[in-house]
Amino acid sequence: MSKKIIEVRDLYAGYGKFKVLFNINFSANSGEITVIVGPNGAGKTTLLNSIMGIATIYSGSIKFEDMEVTKLPVYRKARMGLAYLPQYGNIAAGLTVEENLRISGYLLNQDEIDGRISDILEMFPRLKEFLKRKAGTLSGGERRMLAIGMALMRKPKVLLLDEITTDLAPLVVNQVLSKLAELRDSFGQTIVIVEQNAKKALELGDKGYLLVSGEVRYEGDAKELLSHPQFSRLYLGILR
């Protein structure tokens, strides 16, 4: 049985005085892909921001590897092994692919950086072809793969990904999501993903959550969520 690596209990969170999440209970298991879906404004990104330490926590608790981390700052959580990739990533367009990877491993020594880049290129062989190219010249799908590679530079225990397939063509969406499945299956990477392409993400995910109006409406097997009545009724049009 997979071990819980992230556990959120009775969470109320938001920004300033504006509450977004209400009594959220959530967990992610080690070595699995956990998919969070829901309509716009449901609180999906706020849940990731809460886990990472960006949102305001009013009450409740967040544990990472059984350690209470609710009040820890972002940098502490990053050092513990949480990596957060926002919607469009943090790529420096004027730097080469290699330079972007190197600056992402800034806490590592030179040998560790070299070794980690080799690992990343094994995971993403296509990036090897573009190592000396400016990141701004890459296609949308290539930039997302670079962004994931940058997030992996410090060997995070968990990748938190926020709608990384936004604005990508359907074929490229499939390529990016298939790469996430490969990271799980071949490298044991734990991934929590907020995804607008819900059907495709749930098909490859292990566990699924449906958020609506800041509340969890479904928790369970990702593939079963696709046929759940609440999914069709409350998230109308997501499968189109």
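Things worth noting here:
- Sorted ascending by nearby beta carbons within 10 Å, beginning with the fewest, Y209, Y12, Y84, Y75 become Y75, Y12, Y84, Y209.
- Mean projected area of the convex hull spanned by the Cα atoms of segment 1-139, taken over all viewing directions: 10.6 nm².
- Whole-Hz ³J(HN,Hα) from phi, Karplus 6.51 cos²θ - 1.76 cosθ + 1.60, for segment 181-191, glycine and proline x: 4, 5, 4, 5, 6, 9, 10, x, 6, 7, 9
- In the chain, helices alone account for a calculated mean residue ellipticity at 222 nm of -10500 deg cm²/dmol, with every DSSP H run of four or more residues adding -39,500 (n - 2.57).
- Put in order of Cβ neighbour count within 10 Å, fewest first, the listed residues D206, D111, D167 become D111, D167, D206.
- The value obtained for segment 91-156, namely the Cα convex hull volume divided by the number of residues, is 71 Å³ per residue.
- Treating each Cα of the chain as an identical point scatterer and summing with the Debye formula, the log10 of I(q)/I(0) at q = 0.08, 0.11, 0.13, 0.17 Å⁻¹ comes to -0.29, -0.55, -0.78, -1.30.
- Pairs spanning more than 32 Å between alpha-carbon atoms, out of K3/K71; K63/K134; K155/K207: K63/K134.
- Amide hydrogen proximity for D221: with H placed 1.01 Å from N in the peptide plane, the residues at 5 or more positions away or on another chain lying under 5 Å are G208.
- Per-residue Cβ neighbour rank within 10 angstrom, fewest leading, V216, V97: V216, V97
- Between the alpha-carbon centres of segment 4-79 and segment 92-127 there is a gap of 28 Å.
Here, each number is a calculation from the coordinates, and none is a lab measurement. Because the structure is predicted, anything quoted here is derived from the model rather than measured. All Cβ positions, even for glycine, are placed from backbone atoms using ideal geometry, and neighbour counts span all protein chains on display.
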